[in-house]
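What follows is a set of notes on a single structure, which appears directly below.
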Amino acid sequence: MRAQDSATASTPIAVNGPTTRRAPAPGPPPEKPTARRLGTLQAALGVIAFSLTFPATAWGLEGFGPWSLVAVRTVLAALIAGGCLLALRVPLPARRHWAGLAVVAAGVVLGFPLLTTLALQTSTTSHAAVVIGLLPLTTALCSALRMGSRPSRAFWAAALAGAAAVLAFTVQQSGGALTSADAYLFGALLVCAAGYTEGGRLARVMPGWQVIGWALVLSLPLTAPAAALALTYEPVHLTAHSVIGLLWVAAGSQFLGLVVWYRGMAAIGIPKASQLQLAQPLLTLVWSVLLLSEQLTPAAPLTAAAVLVCIAVTQRARG
């Protein structure tokens, strides 16, 4: 009887007409090509903003010391972000997100600006830009370790080819040995990749501008006293270049650039977004010539062009 009852219960019963079938439960909407294109555009705008960071930092160092420049830029960016958060009455993030925001603050807000600024005291912007071309690979590695992503072999082959070109350039430009500036730059790669990865993960659960906004505000108790102390010990000589450089690295690189960058990463994924940064060294080389009148060695544009070719491969490789 139980088996018969079970069979009967599982059989649809027609009452005054054909059996009524339930509509399937709605699933998540398919990803639209326009959304992916918009995400790619946002990530590309972030890369353009970042490509101006080193020339703007070089301008800022004309009037500020390295410690005061980094501290003041983060304070200004935090004030901009905090004002936006207050004006829009954004609630505090959930407690489970604060650890991730601390990683973003340590890597993107504090670590990367400080280490690259220290490097630019003795390194040219063109050299630093090509070294930072390794950032896409380090970001992809951090993403794979942190989020379990598994890009394809073609993706890794293209990324490693770009990284090998950058490493060969660094060794050749440094006369066969790494300098202290190179050590600062490689350290900046690691901390920035961690911050990008964690920020990209958080941008999936909150708007990208809030990710960097809260990270900046979180760092304010450290950066505000640091700015006051650094300005006391490092003399300031304001020039048009130093003011423009400071304003750009604070508003453009530190806030607006990261807003569109995190939105782009959330839309197209961290590994593919990070590969767009292979274009950043080439763009920075252009700015270094136009804004700083630097003389490029033949190896710099050749290396930047070589890693730029990797973008087409990685963007076609399925992650």
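Just one of THR74, THR122, THR139, THR116 is surrounded by fewer than 23 Cβ atoms within 10 Å (Cβ to Cβ) and β-branched (Val, Ile, Thr); which is it? Explain how you work it out, then say what you get.
Values: THR74 fails: surrounded by fewer than 23 Cβ atoms within 10 Å (Cβ to Cβ); THR139 fails: surrounded by fewer than 23 Cβ atoms within 10 Å (Cβ to Cβ); THR116 fails: surrounded by fewer than 23 Cβ atoms within 10 Å (Cβ to Cβ).
Just a single option satisfies the conditions, and that option is THR122.
Would a scan of region 204-217 turn up a residue that is modelled with pLDDT under 85, surrounded by 24 or more Cβ atoms within 10 Å (Cβ to Cβ) and within 17 Å of VAL104 (Cβ to Cβ)?
Within region 204-217, one or more residues are modelled with pLDDT under 85, surrounded by 24 or more Cβ atoms within 10 Å (Cβ to Cβ) and within 17 Å of VAL104 (Cβ to Cβ).
How many of the residues in region 157-185 are open to solvent by less than 50 Å² (accessible area, probe 1.4 Å) and under 18 Å from THR117 (Cβ atoms)?
Initially, region 157-185 is screened for residues open to solvent by less than 50 Å² (accessible area, probe 1.4 Å), giving 158-159, 162-163, 165-166, 169-170, 174, 181-182, 185.
From what is left, the residues that are under 18 Å from THR117 (Cβ atoms) are 181-182, 185.
Result for region 157-185: 3.
Sort out which residues of region 291-314 are open to solvent by 40 Å² or more (accessible area, probe 1.4 Å) and among the β-branched types (Val, Ile, Thr), and write them in order of number.
Result: THR297, VAL309, VAL313.
Among the residues of region 252-281, which ones are open to solvent by less than 30 Å² (accessible area, probe 1.4 Å) and of a type in the set (A, V, I, L, M, F, W, C)? Walk me through it before giving the result.
Our first condition is that a residue be open to solvent by less than 30 Å² (accessible area, probe 1.4 Å); within region 252-281, this holds for 252-255, 257-259, 261-262, 264-265, 268-271, 273-281.
Listed by number, the residues that qualify are PHE255, LEU258, VAL259, TRP261, MET265, ILE268, ILE270, ALA273, LEU276, LEU278, ALA279.
Are any of the residues in region 18-29 in a helix (DSSP H, G or I), surrounded by fewer than 21 Cβ atoms within 10 Å (Cβ to Cβ), modelled with pLDDT of 50 or more and basic (Lys, Arg)? It would help to see each step written out before you state the result.
Here is the first cut: in region 18-29, the residues in a helix (DSSP H, G or I) are none.
No, the conditions are met nowhere in region 18-29.
Looking at (1) farther than 18 Å from ALA58 by Cβ; (2) among the hydroxyl-bearing types (Ser, Thr, Tyr); (3) out of contact with any Leu (no Cβ under 7 Å at 6 or more places or on another chain); (4) crowded, with 18+ Cβ neighbours inside 10 Å, find the lone condition where SER288 falls short.
Result: SER288 fails condition (1) only.
Any residue at all in region 81-90 that's at positive phi and basic (Lys, Arg)?
Taking region 81-90 first, the residues at positive phi are 89.
If we keep only those that are basic (Lys, Arg) as well, we get 89.
Looking for residues that are at positive phi and basic (Lys, Arg), one finds at least one in region 81-90, hence yes.
What number of residues in region 259-269 are within 9 Å of the chain's Cα centre (by Cα) and aliphatic (A, V, I, L, M)? Break it down into steps so the answer makes sense when it comes.
If we filter region 259-269 for residues that are within 9 Å of the chain's Cα centre (by Cα), which is where we start, we get 261-262, 265.
Then keep just the ones that are aliphatic (A, V, I, L, M); that gives 265.
Final tally of qualifying residues: 1.
The values are calculated or read from the model by the stated rules, or taken from the named source; none is laboratory data. Please read all numbers here as calculations on a predicted model, not as lab measurements. All Cβ positions, even for glycine, are placed from backbone atoms using ideal geometry, and neighbour counts span all protein chains on display. Each accessible area value is taken on the protein alone, full model and side chains, heavy atoms only, with ligands, DNA and RNA left out. Shrake-Rupley method; radii C 1.70, N 1.55, O 1.52, S 1.80 Å.
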